[in-house]
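First comes the structure, then the notes that go with it.
All of the numbers you see were taken from the coordinates with simple rules; none came from a lab. Remember, it's a predicted structure, so these values are computed and weren't measured experimentally. Cβ placement follows ideal geometry from the backbone for every residue including glycine, while neighbour counts extend to all protein chains displayed.
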Amino acid sequence: MKTNHIFLFSLISIGLWTSCKVTKSYHKPEAAIASGYRDIVNPDSSNMAAMKWSEVFTDPVLNELIRQGLSANLNLKIAVERINESKANLRMSKAAFLPGLNGNVSVKQSRLAFPQGFGMINNSTQYDLGISTNWELDIWGKLSSAKRAAYADLLASDAAKRAVQTQLVADIANHYFELLSLDQQLLVTQKTAKNRSEDAEAIKLLFESSILNGVAVVQSEANYYEAELAIPDLQQKIKETEHALCILLARTPSKIERTSLTQQQLSYDLKPGIPAQLLAYRPDVQQAEYQFRAAFENSNVARTYFYPSLSITGAAGFSSLGLSNWFSSAGLFGNIAGGLTQSIFNKGVNKARLTTAQSKQQQALYGFEYSLLKASQEVSDALSAYEHAAQKEEKRAKQLKALAQAVEFNKELLNNSKNTNYTDVLAAEQNLLTAELKGINDQSQKLHAVVNLYRALGGGWN
């Protein structure tokens with residue numbers, strides 16, 4: 001008996017010592033990260049991703065909508081439930097280290113046929129009550145690797161939830177600013193339609209005074225209707241954008257309260273920091289890294305299947321052929337055993353399992369590298385969009401001033417001279433309307449660029 005104990009202890013010790021040779025230690029993957037973003041001179045570590053979303057967006061109505069979205073959004077709730085699922089999986093992986101304990105009770109009736117039962121009891125009833133246990137020892141690191149994989153999955157689920165929140169904050173802000181832009185476009189178009197209606201009335205008076213011909217009257221009316229026809233399209237876009245925003249807020253389609261585009265102020269500098277900070281701030285990059293870690297540990301688990309598993313089993317309880325002496329000391333039994341189990345032939349399942357795990361690990365690595373490249377691209381795109389929108393502002397203001405003067409000059413010439421016609425007025429008015437709408441788009445582009453940069457840097461979850 002003592003020899004058996006020594007053998008079992010030695011086997012466990014050897015297994016624990018060699019387990020480190022079966023599984024590998026995890027190291028964070030190295031990825032090529034640029035020292036700075038495109039066209040950014042002398043980058044520093046100042047990063048707007050460190051700002052809270054309530055500091056980035058100063059519109060109180062927008063901030064209230066974001067709060068409502070963070071509280072009610074269904075995709076965010078799904079992400080939270082996935083975290084709960086991952087926590088449960090982690091608890092199961094930890095429980096695998098503990099021995100299982102089962103209770104059993106049975107009554108067995110037996111009857112032996114003659115002549116097998118000759119000289120024996122032909123009828124018997126056996127009563128059993130006991131407990132049994134089974135404990136798999138983690139000698140090769142399979143259970144430890146599975147637990148680390150489950151923990152990495154939990155971290156990935158948490159990062160995924162933060163990524164959903166970051167995207168949600170950006171989506172609410174972008175839809176809100178889109179609404180403000182459409183509101184402003186509607187105001188400009190309605191004002192243009194009103195002006196063209198007044199122009200059409202003035203053209204009629206000039207026609208009645210024989211100053212202009214009937215062509216000018218028809219053209220002025222067509223010009224007015226062109227502006228009027230643009231209004232329903234804008235109103236439809238406004239409602240569609242409101243409805244899309246309601247989905248983010250988990251509301252049924254309804255009107256969205258808001259301020260105006262002219263009230264939006266961007267008084268702070270955009271600080272993108274350095275690309276290396278994407279690992280610290282951007283949750284989808286963190287999620288990709290945690291997914292790689294989980295895949296790495298699952299590869300470790302697959303390796304352990306090539307080695308025998310060691311388990312200890314035991315049972316104890318009472319067994320009797322009579323109900324009256326069921327719990328007597330004579331019916332007490334117990335046993336304990338240790339054993340190794342090794343698959344000899346399993347049709348290449350272990351090799352296929354390892355190949356699959358290693359392939360998933362490599363896929364996860366590529367996914368991590370792609371997430372870094374994608375993040376860097378999105379930051380550069382947002383910076384470029386903001387810069388180009390800002391460059392257009394000053395020139396757009398000069399263009400609008402010149403076009404407004406062109407409209408006035410053409411109207412004066414139309415009223416006071418026969419050297420011009422209404423077609424010149426039409427062209428000038430259309431150019432002015434187009435420039436005004438583009439000016440609104442310029443301002444909207446700046447706002448969207450700020451939102452997209454904040455999200456691309458990883459802001460919005462803190």
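For the chain, build the charge dipole from Cβ charges (+1 Lys, Arg; -1 Asp, Glu) around the Cα centre, then report which of Ala152, Thr133, Leu413 sits farthest towards its positive end.
The Cα lying farthest towards the positive end belongs to Thr133.
Would you order His448, His27, His388 from fewest to most other beta-carbon atoms within 10 Å of each residue's own beta-carbon?
Starting with the residue having the fewest Cβ neighbours, the order is His27, His388, His448.
Normalised by the number of residues in the chain, what is the relative contact order in percent for Cα pairs under 8 Å and 6+ residues apart?
Once divided by the residue count of the chain, the mean separation gives 26 percent.
What FRET efficiency, computed as 1/(1 + (r/R0)^6) with R0 = 35 Å and r the Cβ-Cβ distance, is obtained for Thr356 and Ala95, rounded to the nearest 0.05?
0.90
Run through all the Cα pairs of the chain and give the fraction in each 20 Å bin from 0, expressed as whole percent.
17, 31, 24, 15, 9, 4, 1
Quick check on the exposure proxy: order Phe306, Phe296, Phe318 from fewest to most C-beta atoms within 10 angstrom.
Ranked by crowding around the Cβ, least crowded first: Phe306, Phe318, Phe296.
Would you mind computing, in nm to one decimal, how far apart the modelled labels at Leu400 and Glu198 are, each placed 7 Å from Cα along Cα→Cβ?
Distance between the two pseudo-spin positions: 1.8 nm.
Let me confirm the definition first: pairs of Lys residues in the stretch 350-462, 8 or more apart or on different chains, C-alpha distance under 20 Å. How many are there?
Lysine pair count for the stretch 350-462: 11.
Whats the longest run of the chain with zero GluC sites (Glu not before Pro) that are DSSP loop and have at most 10 other Cβ atoms within 10 Å?
Segment 31-256 is the longest.
Can you give the relative contact order of the stretch 160-306 as a percent, counting alpha carbon pairs under 8 Å and 6+ residues apart?
Value for the stretch 160-306: 30 percent.
Fewest to most neighbouring Cβ within 10 Å: what's the order for Leu457, Leu155, Leu245?
Leu155, Leu245, Leu457
If you take the Cα Rg of the stretch 274-433 and divide it by 2.2 N^0.38 Å, with N the number of residues, what do you get?
Computed over Cα atoms of the stretch 274-433, the ratio equals 2.63.
5 Å is the cut-off here: which amide hydrogens, built 1.01 Å from N in the peptide plane, fall below it relative to Leu332, excluding neighbours closer than 5 in sequence?
Result for Leu332 returns Ser319.
Report the extension gain between Leu373 and Leu323 in nm, rounded to one decimal, defined as 0.36 nm multiplied by the number of residues separating them, less their alpha carbon distance.
Answer, rounded to one decimal: 10.6 nm.
List the residue ranges in the chain for DSSP H helices whose C-alpha atoms run 27 angstrom or more along the long axis and whose Kyte-Doolittle average is -1.0 or above.
2-22, 74-95, 142-208, 214-248, 283-304, 349-416, 422-456
When the dipole is taken about the Cα centre of the chain, and only Lys, Arg (+1) and Asp, Glu (-1) are charged at their Cβ, what size is it in debye, to the nearest 20?
2880
Less than 13 Å apart at the alpha-carbon level, and either on another chain or at least 8 residues along: which aspartates and glutamates does that give for Lys161?
Partners within reach: Glu81, Glu85, Asp153, Asp284.
About the Cα centre of the stretch 409-462, how large is the charge dipole given +1 on each Lys and Arg Cβ and -1 on each Asp and Glu Cβ? Please answer in debye to the nearest 20.
Charge dipole, the stretch 409-462, about its Cα centre: 200 debye, nearest 20.
Once fully extended, how much extra length lies between Leu270 and Lys438, figured as 0.36 nm per residue of separation less the alpha-carbon to alpha-carbon distance?
58.1 nm
So which trypsin sites (Lys or Arg not before Pro) in the stretch 308-367 are both in a DSSP loop and have at most 16 other Cβ atoms within 10 Å of their Cβ?
Listed in order of number, the matching sites are Lys347.
Determine the gain in length on full extension of the stretch Asn421-Ala316; use 0.36 nm per residue of separation and subtract their C-alpha separation, reporting nm with one decimal.
That pair, Asn421 and Ala316, stretches by 26.9 nm at full extension.
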